[in-house]
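**Student:** Below you'll find the structure I mean.
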Amino acid sequence: MAVSSLPPVQIGVESADCCIIGSSPVVQRIAQLVQQIGPTDAPVLISGASGTGKGLVARTVHLSSRRRERPLVTVRCAGVEESLLENELFGREAAAPTGTPHNRCGPIELAEGGTLFLDQVSDIPLGVQARLLRVLEDGCYRPAGSTREVRADVRMLAATNRPLEREVGAGRFREGLYYRLNVMTIELPLLQEHPEDIPELVEHFLRTRPVGSTPHRIQPDVLEALVRYDWPGNVRELAKVLERAQMLASDHLITLDALPQGILQVMAAPASKSASPRHLREVERRHVLEVLQGEKWNKLRAANALGISRRALYRLIEKYGLENNTLGGCLEPQKDRRLKDHCPSEGAATVRNRTGEVKPGNRRCAL
């Protein structure tokens, strides 16, 4: 198990303010959510595939909180034996049967007053999960070999690349700990689900992770190839590809010759074939968007067409960041007819009070 602070350079970090790179609706929603929950002390569960930027989000939440002047300590929980993880996580005193003649502070103590980030929390053994649950419930724990209770003042963030609901159902994760961690959840999308952000990410990486002292330029056909690629390794893979491309570039100009063969094969394929989604999440996102557009964004009719409740449809709209101007369809969605009385023009909306008097109001329409 490695215990350390997060590295100073994280995928998508613009500056000390931790701006998340991307203008797509789904990325902007994540950035807004981080800013809303950052100032609280609530636990946060960050879920997403490998390479989507879970460490970045944890760092951004920490720097948005009142604990930002205190440490952010990361515990990487994958592939660690239960006894070792327990001793390392909670610390140990000299009386512990480890052969160590001195006390050792654990990450919880190191993060005092700050934030503890549990990476790959789904890999924590059940026995250690029980002790973590007590820290979340009571704020207390007992170091290995100690008879004293220690109070912990830490905010807990956790990341996973596996659905914890499934782990709970399989008996591999404690239900109580899941509900304690799942006060707030941030789901990170695959890079394939927001390819419109790739040009911004490319510009960011070339500027903040240069190879050599001279900035590199990139040809338009290279950028097109990067946008069309599926990116199974997500943003982390994109960063590594750009690092490699800078090393292979001639005269500081990145051409197609500097890209891996897998990306070039996608570029050589017909556009219609390469544009076909292969990830289940992207298939679902496109299908929901097409149904919404076909029903002119009438939520009730769209939910009936999808065979789900309207509440479930709203969850899908929020999950995938779908809006009336979401890209991906050939028709621009129209507003529901029932909104015309509330939004009669492109300017200020009109609002009727209880007496029927019309007054100007903010242009907000409840869907």
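Please treat every number below as a calculation from the coordinates, not as lab data. None of these values were measured; they are calculated from a predicted model. All Cβ positions, glycine included, derive from the backbone under ideal geometry; neighbour counts span all protein chains shown.
**Student:** Would you mind ranking 214, 115, 255 so that the residue whose beta carbon has the fewest other beta carbons within 10 Å leads the list?
**Tutor:** 214, 255, 115
**Student:** Quick check on the exposure proxy: order 140, 105 from fewest to most C-beta atoms within 10 angstrom.
**Tutor:** Final ranking by Cβ density, sparse to dense: 140, 105.
**Student:** Apply the Debye scattering formula to segment 191-274, with a single equal point scatterer on each alpha-carbon and no solvent, then give log10 I(q)/I(0) at q = 0.21, 0.25, 0.26 Å⁻¹.
**Tutor:** At q = 0.21, 0.25, 0.26 Å⁻¹ the computed log10 ratios are -0.96, -1.36, -1.46.
**Student:** Mean shadow of segment 163-235, computed from the convex hull of its alpha carbons, in nm²?
**Tutor:** So the Cα hull casts an average projection of 7.4 nm².
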